Each structure stands twice: as C-alpha cells, then as structure tokens.
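Below is one structure, written out as structure tokens, with a few remarks after it.
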Amino acid sequence: MKKVEAIIRPEKLEQVKKALEEKGFFPMTVTEVRGRGAQKGICLQFRGKKIEVDLIPKVQIDMVVPDSDVALIIDTIRATGRTGKNGDGKIFVSHVEIVAGVRTDEMITE
Amino acid sequence: MPIDSGDTAFILICTALVMLMTPGVGLFYGGMVRKKNLISMIALAFIAFALVTIQWTFVGYSLAFGSDIGGFIGGLDFLGLNGVGMEGDGIPDLLFMVFQLVFAGLTLAILTSGIAERIKLSSFIIFGLLWTTLVYDPLAHWAWGGGWAASLGALDFAGGTVVHISSGFGALALALVIGKRAGFGQYSMEPHNIPMTLLGGALLWFGWFGFNAGSALAANGLAASAFVVTNISAAAGALAWMGASWINGKPSSLGMISGGIAGLVAITPAAGFVNPMAAIVIGVVAGLLCYAALLFRVRKGLDESLDAWAIHGMGGLWGALATGIFATAAIGGVDGLIYGNPGQFVIQAIDAFVAMGYAFGVTFILAKLVDMTIGLRVTEEEEYVGLDISQHGESIRA
C-alpha cells in the first residue's frame with residue numbers, strides 16, 4: 001500500500017475531489033494547511049513597502065491506496081488541480097507498512 | 001416651534017441606532033465573503049462611515065439640505081455646518097443634520113457589495129467621496145431637501161429611493177465596471193461564516209427601528225406606526241423568502257435573513273404611510289421578488305457579489321411603487337392606488353425610475369473614471385492572497 005499526500009490549491013479541492021470520485025477513489029482525509037514551496041511564498045510590492053506572504057493557505061489530501069492506483073491518482077490530481085502558475089502544489093507518495101481497521105480486525109501489511 | 005425635549009431625546013437615540021447599522025452591514029457582508037477578505041469587508045463599512053462623516057460636515061449636508069437650486073441640488077449655505085445650530089424646529093438643526101448623516105454613511109457601506117473581495121482600498125476612498133457627493137447628496141435633496149421629487153409629491157418616508165435604490169443599482173453598475181472576482185463561476189465561493197451574517201442581520205433589523213420610526217422626526221403616533229409596520233414587513237419577508245427557498249431545497253438561514261432585510265428595505269419608503277395589513281403584503285412580495293432577482297442575477301452570471309442589487313435595489317423599487325399602491329390618508333395624509341388615487345402611483349413610479357437611472361448611470365460613469373485613472377481593482381496576486389493581507393497587512397489567523 002502507498003500513501004499519497006497531495007498539497008493543492010484550496011479552490012481546486014472540489015474539482016479534484018469530484019474527479020477522484022469519478023475514477024472510483026472515495027476514501028480520503030482533507031486538511032487545511034499553510035506552507036510554501038520553491039517560490040518562497042508571495043511578495044506583494046507597494047510603493048515603498050513590501051508585504052511578504054510567506055505561508056500560503058493550501059489543502060492537503062491524504063489517501064492510502066494499492067500501489068497499482070498511484071499513477072492514475074497522480075494523473076487525475078494533475079489534470080484537475082493544475083493552473084500552470086506557481087503554487088499549484090506537490091504530491092508525495094510513500095510506503096505504508098500497516099493498514100489496520102478500527103471497526104474490524106482487518107489488517108493489511110503488504 | 002421650540003425644541004421638544006421628548007422628540008430630541010428620541011431622535012438622538014434613533015441616530016445612534018442607525019449608526020450601528022453600518023458595522024451591521026459590515027458583519028452581514030463579512031460573513032458571506034471568504035475568510036481572507038473578512039477584515040476588508042468589515043473595515044470598508046467603517047471607512048465608508050468615516051469618509052461620509054467628514055464629507056457631510058464639509059459639503060454633503062449643504063448639498064442635500066441647502067437652499068434649493070433648480071430642484072436638483074442644495075446650495076452652499078451650510079458649508080462646514082455654518083449656521084447649523086442648537087436651535088431648530090422641534091429638534092435642534094444639529095440633530096437633524098447628524099440623523100441625516102448616518103443614513104448617508106450607511107448607503108455608501110451598502111454599495112461595497114458590488115466590489116467585495118477585489119477593490120483597491122485607495123480607489124474606494126476616492127470613489128466613495130465622489131459617489132456620496134454626486135449620487136447620494138442630489139438624491140437626498142430631491143426627496144427631502146426641497147428638490148423636484150418633493151415638489152412633485154413623491155413619497156419616500158425613510159429612504160427607499162434615496163438609500164436603497166441608489167445603493168442597489170449603484171452596486172450593480174460598480175460590479176459591471178470592476179468585473180467578476182477571479183474564479184467566479186469556476187469554483188464555489190461559499191459564505192465562510194453564516195452566524196456572522198445573522199448577527200449583522202440582527203443589528204440591521206434592530207437599527208431599522210431607528211431608521212424608520214426616527215424618520216417621523218418626532219416621538220409620536222406616526223413613529224409608533226412606522227415601528228410596527230417595519231417589524232411586520234421584515235417578519236413577512238423573512239418567512240416568504242424562507243418558504244420560497246424551501247421549495248427548492250433546504251430553507252437556508254441565509255435566505256431567511258435576506259428575506260428579512262428585503263422586507264425592511266421595501267417598507268422603508270412606505271413606513272409612514274401604510275397600515276399593518278399592507279405591511280404584510282409589502283413584506284411577502286419583497287421576499288419573493290428579491291429572491292427571484294437573486295436567482296436571476298446568478299443565472300446571468302453577474303458577480304454583484306453580495307446582492308445589494310437584488311435586495312436593496314429591487315426591494316427599494318418595489319417599496320417605492322408599493323407606497324403608491326397602499327398609502328392611506330388615515331396614516332400619512334396621502335392616499336394611494338387602492339384608495340382611489342392612481343396619480344400617486346404614477347408619481348412614485350416616475351420618482352423611482354428616474355432615481356434608478358440616475359444612480360446607475362452616474363455610478364457607472366464615476367466607476368469608469370476611477371478605473372481608467374487609478375484602477376478600481378487590486379492585482380491578481382493581491383486578490384489571490386486576499387484583501388486582508390494585501391490592503392490592510394492583517395489576517396484573521398493572527
């Protein structure tokens with residue numbers, strides 16, 4: 001199993017979520033986060049003064065899926081979450097050792 | 001007439017009540033924007049009030065209530081409040097002046113609906129001063145300062161035309177000039193804090209008693225009558241809009257309070273002329289009409305963001321016409337259509353449509369003027385991070 005953590009624009013959440021649903025991916029955890037990437041946030045220029053907005057609001061989607069679904073999920077998020085401008089986000093994929101249910105004794109370890 | 005202490009005490013309190021409506025508008029609007037623009041939205045209401053206070057002191061009051069020039073505008077006799085003193089007709093002239101001031105401040109605050117989440121603060125200040133001087137002051141003069149509408153016999157008890165038609169159609173013109181918010185129609189821009197909007201609505205409903213009852217300019221039976229019909233119309237509007245939205249899905253609290261405001265708007269010009277039964281009709285029609293106007297606005301893809309046009313513009317228009325329909329001589333000394341005086345209805349229609357055309361047209365020109373010179377709108381990046389940070393350097397995240 002893999003964990004996909006996608007950090008995207010908050011205003012793209014609805015579209016991304018809908019596209020994932022259409023591909024059959026329902027389980028997810030969504031968190032409002034703040035952060036910055038290589039652009040170091042946004043710097044607004046005014047006459048004589050600068051305002052730095054170094055942490056920008058984003059939304060993080062966490063999903064745990066079989067290895068074989070990872071490529072499709074990445075494609076889907078890219079297709080719907082992209083504007084082409086700085087700040088579209090990042091996707092991180094990592095290995096998950098154990099998935100254990102709480103209601104049942106389900107235990108996946110591969 | 002000497003100063004009456006009862007009247008003076010009452011109007012002093014009503015003035016303070018109406019002042020509270022301005023931050024009320026800020027909270028009402030603030031709950032409906034995204035949270036990155038909440039501070040901006042509330043601040044704009046206060047800024048509108050402060051700007052108009054200074055403008056009114058220098059020239060605004062004189063332009064509205066100075067000696068009549070051609071039925072269009074007042075003279076400069078009261079420049080800098082010169083000659084406005086502690087004496088007066090029933091209430092001190094100074095008190096009449098400040099009671100009128102709080103109306104003018106509120107009107108500019110209502111206008112911020114059309115530019116929400118994208119206005120450049122410096123441009124709003126310039127635009128606001130131009131607007132209150134060239135749109136509000138003439139309209140106030142027409143209706144209350146001895147202008148042509150008053151001579152014609154048009155009835156506007158507390159400002160249905162002056163306050164609501166002007167700000168509603170003004171907001172529509174502004175929204176057309178400044179353009180849609182980035183992403184409008186592409187993703188949802190849901191209200192971020194509905195309880196805040198309900199709180200703003202509560203302050204508006206509360207303040208409206210001062211707005212309408214105070215417009216009797218005396219603590220008397222007419223004030224009580226205006227108070228009662230104001231409350232009835234608000235209640236009828238709230239229930240009507242809620243009922244209509246129930247048919248389309250869940251009865252939202254946002255719709256309910258919007259209907260309440262629509263009822264308050266529509267009864268405003270009629271408050272001193274109609275009886276309680278007429279107030280129910282006025283409120284119900286206002287709730288349904290303004291809801292339909294909002295749906296129309298959304299269908300057309302217009303980003304008059306917080307619906308000042310649907311609620312204040314269309315509600316004000318209906319109120320002005322309704323005054324001509326339901327006015328009864330038993331209350332305000334003038335009969336309307338259903339009491340056998342169709343002429344009054346015609347006068348109301350002329351007044352309302354002229355005011356509508358003037359407010360829309362002049363607002364459009366002023367907005368274009370400011371837009372072409374210093375630009376009405378913030379940059380794309382400033383809009384993206386929100387006006388709280390980009391215009392005020394503040395954030396509700398502390």
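Assorted remarks:
- Residue among B:GLY332, B:GLY316, B:GLY386 that alone is within 14 Å of chain A (Cβ to nearest Cβ) and either touching a Phe, Trp or Tyr at 6+ places or on another chain (Cβ under 9 Å) or modelled with pLDDT under 95 (or both): B:GLY386
- As for region B:75-94, it holds no residue that is out of contact with any Leu (no Cβ under 7 Å at 6 or more places or on another chain) and under 14 Å from B:THR132 (Cβ atoms).
- Among the conditions (1) part of a helix (DSSP H, G or I); (2) in contact with a Lys or Arg (Cβ under 8 Å, 6 or more places away or on another chain); (3) surrounded by fewer than 24 Cβ atoms within 10 Å (Cβ to Cβ); (4) at pLDDT 95 or above, B:TRP309 misses just one, which is (3).
- Positions within region A:39-63 being surrounded by fewer than 11 Cβ atoms within 10 Å (Cβ to Cβ) and either modelled with pLDDT of 70 or more or not small (Gly, Ala, Ser) (or both), in sequence order: A:LYS40, A:ARG47, A:LYS49, A:LYS50
- Some residue of region B:141-149 being away from chain A (no Cβ under 14 Å), in contact with a Pro (Cβ under 8 Å, 6 or more places away or on another chain) and either of a type outside the set (Gly, Ala, Ser) or closer than 26 Å to B:ARG377 by Cβ (or both): no
- Residue tally, condition assigned to a helix (DSSP H, G or I) and more than 14 Å from chain B (Cβ to nearest Cβ), over region A:1-37: 3
- Of B:ALA50, B:ALA16, B:ALA64, B:ALA9, all but one fail to be surrounded by 19 or more Cβ atoms within 10 Å (Cβ to Cβ) and more than 14 Å from chain A (Cβ to nearest Cβ); the exception is B:ALA64.
- Every condition in (1) at pLDDT below 95; (2) not in a helix (DSSP H, G or I) holds for B:LYS36 except the one numbered (2).
- Residue that is touching a residue at least 12 places away in the same chain (Cβ under 8 Å) and either over 29 Å from B:MET19 (Cβ atoms) or surrounded by fewer than 16 Cβ atoms within 10 Å (Cβ to Cβ) (or both), where the choices are B:PHE227, B:PHE184, B:PHE211: B:PHE184
- Of the residues making up region A:76-110, those that are touching a residue at least 12 places away in the same chain (Cβ under 8 Å) and either among the aromatic types (Phe, Trp, Tyr) or in a strand (DSSP E or B) (or both) are A:GLY89, A:LYS90, A:ILE91, A:PHE92, A:VAL93, A:SER94, A:HIS95, A:VAL99, A:ILE108.
- All of (1) surrounded by 24 or more Cβ atoms within 10 Å (Cβ to Cβ); (2) out of contact with any Asp or Glu (no Cβ under 9 Å at 6 or more places or on another chain); (3) part of a helix (DSSP H, G or I) hold for B:GLY272 with one exception: (3).
- Some residue of region B:369-382 being within 26 Å of the chain's Cα centre (by Cα), within 14 Å of chain A (Cβ to nearest Cβ) and assigned to a loop (DSSP other than H, G, I, E, B): yes
- Filtered residue count, region B:169-181, keeping only those that are part of a loop (DSSP other than H, G, I, E, B) and either surrounded by 24 or more Cβ atoms within 10 Å (Cβ to Cβ) or acidic (Asp, Glu) (or both): 0
- The criterion of at least 2 residues that are more than 26 Å from B:LEU306 (Cβ to Cβ) is met, among helices (runs of 4 or more DSSP H) falling completely within region B:82-159, by B:93-111, B:137-144, B:148-152.
- The residue of region B:185-202 that is farthest from B:ILE110 (Cα to Cα), among those that are more than 11 Å from every other protein chain (Cβ to nearest Cβ) and among the hydrophobic types (A, V, I, L, M, F, W, C), is B:ILE194.
- Unique match (being surrounded by 22 or more Cβ atoms within 10 Å (Cβ to Cβ), among the aliphatic types (A, V, I, L, M) and within 25 Å of B:PHE127 (Cβ to Cβ)) among B:ALA158, B:ALA143: B:ALA143
- Filter result for B:SER166 (crowded, with 17+ Cβ neighbours inside 10 Å and either within 30 Å of B:LEU369 (Cβ to Cβ) or modelled with pLDDT under 95 (or both)): yes
- Enumeration of residues in region A:2-27 that are among the hydrophobic types (A, V, I, L, M, F, W, C) and out of contact with any helix residue (DSSP H, G or I) (no Cβ under 7 Å at 6 or more places or on another chain): A:ILE7, A:LEU13, A:PHE26
- Within region B:342-378, being polar (S, T, N, Q) and buried (at least 18 other Cβ atoms within 10 Å of the Cβ) holds for B:GLN344, B:GLN348, B:THR363.
- So B:GLY183, is it within 24 Å of B:ALA293 (Cβ to Cβ) and at pLDDT below 95: yes
The values are calculated or read from the model by the stated rules, or taken from the named source; none is laboratory data. Only a predicted model underlies this, so the values are computations on that prediction, with no experimental measurement involved. With ideal geometry, Cβ positions are generated from the backbone for all residues, glycine too; neighbour counts draw on all protein chains shown.
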